Every structure is written in structure tokens, then in C-alpha cells.
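Q: Can you read through this structure? Questions will come right after.
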Amino acid sequence: MSKSKLAHLLKKEGIKQDETEIIDLVRGAAAAPAGFDGRAWLNMLSPQLNPDLEQELEELRLSFQKSLKSCAEPQSKLSEIRGHLIKEGLDGILVPRTDEHQSEYVSAYAQRLSWLTGFTGSAGTALIMKDKALVFVDGRYTLQAREEIDEKLFEVVELAKISVNEWIQKNFPLNGRLAYDPQLHPLSAVRSLSISCQSRKSFLAPVSPNPIDRIWKDQPPPPLSPIVPHALQFTGQNLQEKCRECAARITAAGADVAILTLTDSICWLFNIRGADVEFTPVSLAYAILHKDSSAELFVDTRKLTNEVREHLGNTVTIKQHSEFQSSLQQLSAAGKIIQVDPHTASDWIFQSLGGEATIVEQEDPCILAKAIKNNVELSGTRAAHLRDGIALTKFLHWMDKNAGQGIVTELDAATVLEEFRSCGQNFRGLSFPTITGTGPNGAIVHYRADPESNRTIKPGDLYLVDSGAQYLDGTTDVTRTITVGKPSGEMQDRFTRVLKGHIAIATARFPSGTSGGQLDALARHSLWEAGIDFQHGTGHGVGSFLSVHEGPQRISKNLGSSALRPGMIISNEPGYYKTDCYGIRIENLLVVIEATIDGILKDSFLEFETLTLAPIDRALIMEDMLSISEKKWLNDYHRKVHTQLARHCEPDIRRWLKDVTSPI
């Protein structure tokens, strides 16, 4: 593209920014995900552009996008990092898979772990030393890591066997210096790491800028995508009300202000959404909320349209992203009492506030409020799950008719499912990369199919699909496992045990104040009876057109999880995985509600309402393993699925749905 042509078109359009500024904006747009609306990024310039200028800008964005992928070899990257360690007198450096906001899905510029090791999972940490390199992953990613990482260069370490901190305590060089980027580690993690280092008479060494950013020659810039208001019809509460609610929590904590670093907290609080990262509609930003409910938003102001400026109004003062550190320092200098969450805010935040700052270490004031959905959000998520259930049912019908032919691949199936979903009202993309695994690939808990690993689904396989979508009115996450042809007795036994665990959670009734950790054993009991288990949590919180993995609620072996409260949405997903053979998982989303016992609402007890609507494969169930109450739950659930979905389906799908949801 001719730069002079771009300059001419910009001038003709009346755009005031010079050509260099526009090119920088386009680079940032190229570093952001394409998003549901591929044209939306152009709104950062103008809602309406001349078609010739729009075409030139889009061609420029695509050319920048093609240049994003690095071609350097892992060996050369390791050598450069080790050279830096030697030069700076360091004995090791930690490379976590995260960004400055502790995001689960990170933008291209923050994909340091993937750039270095080739590992693409959503959680992991590398430890690079002069003579050794390790990548620590949890049970979801053990098999995936071994497939993606060159084990001649990196040792894959399972966190179930030894944590990063434990490894450091036992193996890090004595009297050593362990480097870390303070922007990528929350304070709580840094404190734990420091204790681990002390056991080796070593210490942590904060480094800035990040050494990997120096070595990564073709590192993308931070992403640029337009911020948009999220309508009151979906949020049920305006931003002023939310600011007042969270400001009251700041006052209760004895603080004057709270520092907000989590992108989903900020987007929830201000009723805004963005597209800076894949699968989660957020914008990279920081915020400060004052006890008088006024707030400041620190963001690249190129993302702001007139519409969103008007939406934020007088409640939120807009400041450039680069002003955040100086604003922190000003708070300290003014003697403000500052609320910061040590589990989510980076060590850099605390360093910027300085040692003289008066800090109250308390949970982000938005986390709990965001987790407890209001009636509008709950109505929205029920509507979203209805549309999602229609799409998934159409897909399962399609699989029933086509998978047994031995021509459908994992990627084919994922594409068809997304096409069905995309027809639904308010669809805005997937909520995470679809896990579409058949046979042995299904045993990889967070498997991500690619052209190299893509298997054809064959008779005799178990096929596992874990998928979800973002809708303006809700976020979904659902897993189904289906048999292609006749399953083995072992497959049926394992599936039925997983189903029994799923039913045990779905039907649980428990006192107020109960945490998810106290319920976790219910999901595992039937598996434990057979001497088997699964190495992931049973359930995670889910947002409302936000993160598909949300806290503080969860169901896991960790007993320290937050108490479950009415309005919280949580997944129910026990599983079983036989390495190199097959995987099984059954997942529905639930909402916590007040319990009704003998027709009477019991204020002091809670239970779950199942949100997800999709048939469970009866061909995989050993009926004699189910109790009468378990059969009743399954039949009631299938009756609900049929009642709510059938009228939205074509006649042939309706007939199929009636058959697969008939009582056992």
C-alpha cells in the first residue's frame, strides 16, 4: 500500500491524525483479535468511512497481522535469555502465562510463554536457568504440554507432583538471584516466591523491562479495539449504582480508594465491553474507584468513541493509560488509605505506591458483586442458554447423522457447532477455544485441535466437545460426550459414574455459608469407589457476557473457596480420562438459588437450578447403576430439555430430540 495514497485518503476524509499516528493505530488493531464484527476496529477512527479509505486501512491491518508470528527457533531464544542471565548476574527467570491484569486469555504481545516454549495452554509457568529449563503445568495440560514442547529443551513438570515454589525450595541454586517481572506476578505470589527463595539463601530480583520483551524482536504492540457501552437491558444496573455499591465496600474496609486491575471487574463496573483479548469481551485498562463513588479509567484513549465517553459521563474521569503510575504515587503522597487486592494486583502496583503508602489489603470490591447476578442478568443467561441449547441440539443431531461415516474430523465438528451458534440472537463469538476431541485426544483435558493433531471421528470412538459462546445477555459453557457406534462396557461404566457425580452436584441441597469445596466430594464419590478420579476442579464461576472462568466461587478439592450465594453461576463438570484412549466429561451450568423444601422456601438453605439445555447420551448409561432418584433427575432433566427446545427445532430434529430424551 502506498503511504502517500493513505495520506491523501485521510486528508480527503477530514481525519486530523497524521499518517504515522494512523499506522500505529492500525498496528494495534492488527494485534487485537478479529472479533465478532471484523469492521468494528474502524470505529476508533469514525463510525462511517469512505469505502476507499476503509479498504486501504483493512489491507494495512491484514498485512501487519500476517507479520505477527515469530519464526525464531526455541533454542536460539533460550540462548539469548541465558546470555541475559549471565550478563546481569542472574541465576534464573520466571516466565508466567499472563499479562499485567492476570488475564486468563492474553493478547498477542503478552504471549511470552508461548513464544518461548511453544506451549499454548491457558495456564503455565516457565523457569529458565543457565543449565536447565522447566515448564510447570497443571493436570489439564500435562498431555498437551508434552505434545507442544520440545522436551530436549524444556522439562515438563506436573504441578500435581511439585509446585513451582516447592521446586525452588529444593533445587534453585544456593545464594542465587531469581528474576521476575513485577507486572506479571501478584503480590501474594511474590511473597510466596520470596519465602521459597529464602530457604535456598537466595532472593528475588525484580526486572524491568521484561528481558523477553528485549529479545522478542517482532513482539506485537498492545492491542487496540473500540470500547462499547453494555446496555442497561443486559446489565440490570447502571454504572452509577454499581459504583455506589462498590464504594460502600471501600468505606467498609476503612479505605479511601480502591485500585482495580482486573479487566472483567472494570468492564463490569462501568458497563463497558471491548475486544482486546480473545474469547473475553474486555479492554485492557486500570481504574481507581473512590469512596465517594467517583472513578478514574486509565486506558489508551484511542479506544474511546463519543458514544462511550457519553456513557461514562461525569462519574468516570478518563485518563491516559500512561498516567496510571503517577496517579498511584499521587494517592500515596496525599496520604490516602488505599485498598488493593494482593491476590490480583501485581507487585508493580505495590512498588508504584511506595513503601510509605497506607494500604488496606482487601479483595477487589467488584469481585463478589459481579459474581452475584441480578434478576436481569439471570433472565438474560436463561435466554442465552435456551438459544445455546437449540444450537447444541442441532449439532448433536448433525453428529448423530454424520459422525459414524468416518469422514468428520474434530475441526469439522467444531466449525459446524460454531455455525449453528452464530445463527442465534445476540451471538458475539465463542467464550473459549472449543475442545473437540475424539478417541485419545478426548483424554487431553484442555485439548485444542489443530491441523496436525486433527483426528477423524470413527465408529467406536468417544467424542468429547466442551464449548461455549458469548451472547450479549449471557455466557455459556457446556460439555457433552457422545458415543460413535457401540461403546464398550468400560466406557459405559465410566460414563455412568461421571453422570452419578454430575447428578449429585445438581441435586445438592446445603446450608447457607457452604463453600464449593465442601461439595466437591459428591462429584467424585462414584469414581472413588472404582479407585479413579479426575485431575481438575468440578466447577468454576461464569460471568455475564464476560469471563467464562470467574471467581470467587468454585467447586474443587480446595476447601478454602468462597461461600456459594444465590445468584452465582457455576459449572458442574466431573470427568474421567483414560490416557491414550478416551475422555469423558458432562458439564452443565448451574445457578445458586434459595432451596424449596416441601413447597416451602427455606431461607437458610440453598440448591441449584440447571441452566444448560442439551440431551445427555443415553447410549452411554448403564441404567442398573443409577438409583431411582438419579433416574428421576435424568428423566426430569430430559423432559425439560425437550419441552423448552423442541418447538424451536425443525420436524426431523424434533423427532430425534423426542427419542433421545425419552425416559429410561
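The values are calculated or read from the model by the stated rules, or taken from the named source; none is laboratory data. Everything numeric here is computed off the predicted structure, so don't read it as measured data. All Cβ positions, glycine included, derive from the backbone under ideal geometry; neighbour counts span all protein chains shown. Each accessible area value is taken on the protein alone, full model and side chains, heavy atoms only, with ligands, DNA and RNA left out. Shrake-Rupley method; radii C 1.70, N 1.55, O 1.52, S 1.80 Å.
Q: If DNA, RNA and ligands are ignored and the probe is 1.4 Å, what is the ranking of Met491, Met625 by accessible area, most exposed first? Walk me through the numbers on the way to the answer.
A: Numbers: Met491 25, Met625 45 Å².
Most to least solvent-accessible, the answer reads Met625, Met491.
Q: Under a plain spin-label model, where a point goes 7 Å from the Cα along Cα-to-Cβ, how far apart in nm are Lys486 and Glu21?
A: Label-label distance for Lys486 and Glu21, simple model: 7.2 nm.
Q: What are the residues whose amide H is under 5 Å from the amide H of Ile272, where those residues sit 5 or more places off or on another chain and H is modelled from the backbone?
A: His230
Q: Right, another one. I want the antiparallel fraction of DSSP beta bridges within the chain, as a percent rounded to 5.
A: Here the share of antiparallel DSSP bridges comes out near 75 percent.
Q: Multiply the residue gap between Gln325 and Gln644 by 0.36 nm, knock off their C-alpha separation, and tell me the result in nm, one decimal place.
A: Numbers: separation 319, 0.36 × 319 = 114.84 nm, distance 5.17 nm.
So the extension gain works out to 109.7 nm.
Q: Ok, one more. What aspartates and glutamates could a cross-link reach from Lys401, if we take a straight Cα to Cα line under 12 Å and drop same-chain neighbours fewer than 8 places away?
A: List returned: Asp652.
Q: Using the structure shown, list the pairs from Lys161/Lys500; Lys16/Lys217; Lys130/Lys201 with a Cα-Cα distance above 20 Å, or answer none. Let's see the in-between values first.
A: On the way: Lys161/Lys500 28 Å; Lys16/Lys217 31 Å; Lys130/Lys201 18 Å.
As for pairs spanning more than 20 Å Cα to Cα, those are Lys161/Lys500; Lys16/Lys217.
Q: Something else: So for segment 550-626, what are the equivalent ellipsoid semi-axes in whole Å, largest first, each being the square root of 5 times an eigenvalue of the Cα gyration tensor?
A: Numbers: eigenvalues 154, 70, 26 Å².
So the three semi-axes of segment 550-626 are 28, 19, 11 Å.
Q: When all alpha-carbon pairs of segment 251-299 are counted, what percent fall beyond 18 Å?
A: Working: 361 of 1176 pairs.
Of the Cα pairs, 31 percent sit more than 18 Å apart.
Q: A 30 angstrom limit on the alpha carbon distance is what I want to check against. Which of Lys11/Lys319; Lys336/Lys557; Lys373/Lys640; Lys170/Lys370; Lys242/Lys336 exceed it? Please report the intermediate quantities before stating the final value.
A: Working: Lys11/Lys319 28 Å; Lys336/Lys557 39 Å; Lys373/Lys640 23 Å; Lys170/Lys370 40 Å; Lys242/Lys336 22 Å.
Listed pairs above 30 Å: Lys336/Lys557; Lys170/Lys370.
Q: Give the residue from Val106, Gly501, Val445 lying farthest towards the positive end of the charge dipole for the chain; charges sit on Cβ (+1 for Lys and Arg, -1 for Asp and Glu) and the dipole is referred to the Cα centre.
A: Farthest towards the positive pole: Gly501.
Q: Taking just the C-alpha trace of segment 81-136, give me its Rg and Dmax in Å.
A: Computed over the Cα atoms of segment 81-136, radius of gyration and Dmax are 11.8, 32 Å.
Q: Report, in degrees rounded to the nearest 10, the 0 to 90 angle that the Cα long axis of helix 239-252 makes with the longest principal axis of the chain.
A: Between helix and principal axis, roughly 80 degrees.
Q: Whole Å is fine, so just give me how far the alpha carbon centre of segment 609-635 lies from that of segment 49-95.
A: Segment 609-635 and segment 49-95 have Cα centres spaced 49 Å from each other.
Q: So, one more: Jot down the radius of gyration and Dmax of segment 366-431, Cα atoms only, both in angstrom.
A: 15.6, 50
Q: Order these peptides, 202-208, 221-227, 115-121, by their mean beta-carbon neighbour count within 10 angstrom, highest first.
A: On the way: 202-208: 16.1, 221-227: 24.0, 115-121: 21.3.
Listed from highest to lowest mean packing, they are 221-227, 115-121, 202-208.
Q: Same structure, new question: Where does segment 98-169 land on Rg(C-alpha)/(2.2 N^0.38 Å)? Kindly include the intermediate steps, with their values, before the conclusion.
A: Working: Rg = 11.8 Å, N = 72, 2.2 N^0.38 = 11.2 Å.
In units of the globular-protein estimate, segment 98-169 measures up at 1.06.
Q: Can you tell me what the convex hull of the Cα atoms of segment 284-430 projects to on average, as an area in nm²?
A: Values: hull surface 52.7 nm².
Average of the hull's projected areas for segment 284-430 equals 13.2 nm².
Q: Tell me the Kirkwood radius of segment 482-542: reciprocal of the mean inverse pair distance over distinct alpha-carbon atoms, in Å. Mind showing how you got there, number by number?
A: Details: mean 1/r = 0.0771 Å⁻¹.
Here the Kirkwood hydrodynamic radius works out to 13.0 Å.
Q: Okay, next question. What angle, in degrees between 0 and 90 and rounded to the nearest 10, separates the Cα long axis of helix 324-333 from the longest principal axis of the Cα atoms of the chain?
A: Compared with the principal axis, the helix lies near 70 degrees.
Q: What is the set of long-range amide H partners of Val156 at a cut-off below 5 Å, with H atoms built 1.01 Å from backbone N?
A: Here the answer is Val135, since their amide H atoms fall under 5 Å of that of Val156.
Q: May I pose another question? Summing +1 for each Lys or Arg and -1 for each Asp or Glu, what net charge is found among the other residues whose Cβ lies under 9 Å from the Cβ of Pro96?
A: On the way: positive: Arg97, Arg112; negative: Asp181.
The answer is +1.
Q: Right, another one. Starting from the exponent 0.38 and prefactor 2.2 Å, build the expected Rg for the chain from its residue count and divide its actual Cα Rg by it. All intermediate terms of the calculation are to be shown ahead of the outcome.
A: Numbers: Rg = 25.4 Å, N = 664, 2.2 N^0.38 = 26.0 Å.
Rounded to two decimals, the normalised Rg is 0.98.
Q: Oh, and also: Can you pull the one-decimal nm distance between simple spin-label points at Asp652 and Gln535, each 7 Å off the Cα toward Cβ?
A: It is 4.3 nm.
Q: Taking a cut-off of 16 Å between Cα atoms, list the aspartates and glutamates near Lys578, but don't count ones fewer than 8 places away on the same chain.
A: Asp461, Glu490, Asp493, Asp533
Q: Over its Cα atoms, what ratio of radius of gyration to 2.2 N^0.38 Å does segment 170-258 give? Display every interim value, and only then the final one.
A: Values: Rg = 21.0 Å, N = 89, 2.2 N^0.38 = 12.1 Å.
That works out to 1.73 for segment 170-258.
Q: So how compact is segment 509-562: Cα radius of gyration and Dmax in angstrom?
A: According to the Cα coordinates of segment 509-562, Rg and Dmax are 12.5, 39 Å.
Q: Shifting gears a bit: For Asn402 paired with Glu58, estimate the spin-label separation in nm (one decimal), with each label point 7 Å from Cα along the Cα-to-Cβ line.
A: 2.7 nm
Q: Output ³J(HN,Hα) for segment 620-632: one whole-Hz value per residue in order, computed from phi by the Karplus curve 6.51 cos²θ - 1.76 cosθ + 1.60 with θ = phi - 60°, and x for Gly and Pro.
A: 9, 9, 8, 4, 6, 7, 8, 6, 4, 5, 5, 5, 4
Q: On to the next question. Could you calculate the contour length gain from Thr358 to Ser194, that is, 0.36 nm times the residue separation minus the distance between their Cα atoms, to one decimal place in nm?
A: Details: separation 164, 0.36 × 164 = 59.04 nm, distance 2.22 nm.
Value of the extension gain: 56.8 nm.
Q: Would you kindly state how much longer the chain becomes between Thr596 and Gln233 on full extension, computed as 0.36 nm times their sequence separation minus their alpha carbon distance, in nm to one decimal? Working shown, then result.
A: Numbers: separation 363, 0.36 × 363 = 130.68 nm, distance 2.90 nm.
Result: 127.8 nm gained on full extension.
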